[in-house]
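Comments concern the structure below.
Bear in mind these aren't lab numbers, they're just calculated from the coordinates by the rules spelled out. What you see is a predicted model, and the numbers here were worked out from it, not measured in a lab. We place every Cβ from the backbone using ideal geometry, glycine too, and count neighbours over all the protein chains shown.
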Amino acid sequence: MTTLHTNLVGDAYTSTHHWDLLCDLVDLDNRMAGQEGEVEGAELVKDAFETHGLREVAINEFGIPGWWRESSSLTVEHDRTHEFDAQHETVALPGTPSGDVDAELVDVGYGLPKDFEEADVAGKLVMASSMTPDDYGRWIHRAEKYGAAARGGAVGFLFRNHLDGNLPPTGSIGKEDGPGDIPAVGVSKEVGDRLVRYCGSGETTARLTVNCRNEPATSRNIEAVVGPDTDEEVLVTAHVDAHDVGEGANDNGVGTVLVAEIGRLLVEMEDDLETRVRCLVFGSEEVGLFGAYHWAETHDMDAVKCIFNMDGAGYSRTADVYTHGFDPMGEAFAEVREELDVPVEIHDKIRPHSDHWPFVQKGVAGMQGRSIAGESGRGWGHTHGDTLDKLDVRDLRDLAVVFTAGVYKLAEADREIPHKSVAEIRDATVEQGFEPGMRNSGTWPFDGEGQTTAAEADR
């Protein structure tokens, strides 16, 4: 016997609710945190929650360090003067300060810790690839590479894409209370390869100019509930904000609409739910997990049974979940895999990125729901290629069924999902090699009493 009734599965496999909402979200063009598109996106989610019959629908606001894009350019001197200032060549990284710097350009390859140890970056413009080698053991986040450059005395940072297509990558490098330390831009693989060639054939100088606006702004979380009034609840989450260079279709339009769809399907089986489920869509994930940190800091974590956070779910229809060592959550999805006879990849590793992390770092049971990607890195994500045409409604339907079945199991009253101590989470984070990079990026949360008050880097 499967967890979901066959008529509910049939509903899910013919649904277009998620796709219709996704179309509305991408048509906003710009859902950058703290800007008008994020406001409109929050209203669309609120309307969907209300239409689907969820209860206690609300939007809650909070303050963030806002950032607005203006212009950026890179001028390189190598035999002759080369200008890179088109949108397909360079984009400023959110959270960068304005700046105008002229210095020698050095390439540090993948930007691994050893690459920085071997390079003299003081007073230089430093360039690093967006790629992390598959055999390295963990993913090196952009903010870690930026932080290593800044701490080494670099005067500017270039983040070069490893994927073809004239797609300069974006992504936040700001701090909890404002902009980062040095100006930074993303450059396309095509520009990056050219600069690597220049650096390899002799000293190359460059001028990096960034103009932007950094000032306080307001973001918002959207939430609603379904199920009985119980002492604890299961959180089903994603983030509505997206980077301003693309549509934010996959990152994280897909996660947002899956929260609404899971909520809709749970309403249809509400009488069978044994624990309240809170559908919660955060703002400002891309610029520092601010929405998730705000919620975690203003609510009782003992009332949270667990959090299931969806981010990176639009790559395929094959679910890919990370348990952070909370085995009962993995067991729930293993049961779904067996009942539905569909592939579900289950990993127990730590992923200190995205909106589950403010909860997991406090010891709250948390899982990230993704889908299998065909290549390393974010793919189209964080570029102007993150558009609706890359996605398939059939993938959303498959994932909605698997994730709804998993959430239903997480909400079973007799399924115990114990929290962990902060020390256990800290030790696992250290053992899996994340501490040096998180210290470089300013996001290490375990000093002092073992808690942070807000994030300082995009996840």
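Figures for the structure shown
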{"read-out": "Rounded, prolate or oblate (a/c below 1.5 giving rounded, otherwise prolate when a/b exceeds b/c) for region 67-214 by Cα gyration tensor", "value": "rounded"}
{"read-out": "Theoretical gain in end-to-end length, A334 to A58 [0.36 nm per residue, Cα-Cα removed]", "value": "96.0 nm"}
{"read-out": "Separation in nanometres of the label points that stand 7 Å from Cα toward Cβ, at D414 and D271", "value": "2.1"}
{"read-out": "Antiparallel %, DSSP beta bridges [both residues in region 67-214], to 5", "value": "70"}
{"read-out": "Local electrostatic count at T6 - Lys and Arg +1, Asp and Glu -1, tallied over other residues with Cβ under 13 Å", "value": "-3"}
{"read-out": "Computed label-point distance, nm, for sites R197 and H347 using a 7 Å Cα→Cβ extension", "value": "3.4"}
{"read-out": "Among A103, A365, G248 the positive-end extreme of the charge dipole of the chain (Cβ point charges)", "value": "A103"}
{"read-out": "Computed [θ] at 222 nm, helices only, for the chain once each DSSP H run of length n ≥ 4 contributes -39500 (n - 2.57)", "value": "-9000 deg cm²/dmol"}
{"read-out": "Sum of side-chain charges, V121 neighbourhood, beta-carbon under 12 Å (Lys, Arg +1; Asp, Glu -1)", "value": "-3"}
{"read-out": "Cubic angstrom per residue, convex hull over Cα atoms of region 309-377", "value": "78"}
{"read-out": "Cβ-based exposure ranking for L28, L235, in which fewest neighbours within 10 Å come first", "value": "L28, L235"}
{"read-out": "Cβ-based exposure ranking for H88, H78, in which fewest neighbours within 10 Å come first", "value": "H88, H78"}
{"read-out": "Student exercise, the chain dipole from Lys, Arg, Asp, Glu Cβ charges, in Debye to nearest 20", "value": "960"}
{"read-out": "Stokes-Einstein translational diffusion, region 168-322 - Kirkwood Rh over all Cα pairs, 1.002 mPa s, 20 °C, in µm²/s", "value": "116"}
{"read-out": "Exposure proxy order (Cβ contacts within 10 Å, fewest to most) of K46, K124", "value": "K46, K124"}
{"read-out": "Rounded to 5, the percent of DSSP beta bridges in the chain classed as antiparallel", "value": "60"}
{"read-out": "Between region 1-76 and region 281-313, the Cα center-to-center distance that results, in Å", "value": "15"}
{"read-out": "Proximal lysines to K362, defined as alpha-carbon separation beneath 17 angstrom and excluding residues fewer than eight positions away on the same chain", "value": "K305, K349, K420"}
{"read-out": "Vicinal HN-Hα couplings computed from phi for region 105-118 (Karplus, 6.51 cos²θ - 1.76 cosθ + 1.60; Hz; Gly/Pro x)", "value": "9, 10, 9, 10, x, 6, x, 6, x, 5, 5, 6, 5, 8"}
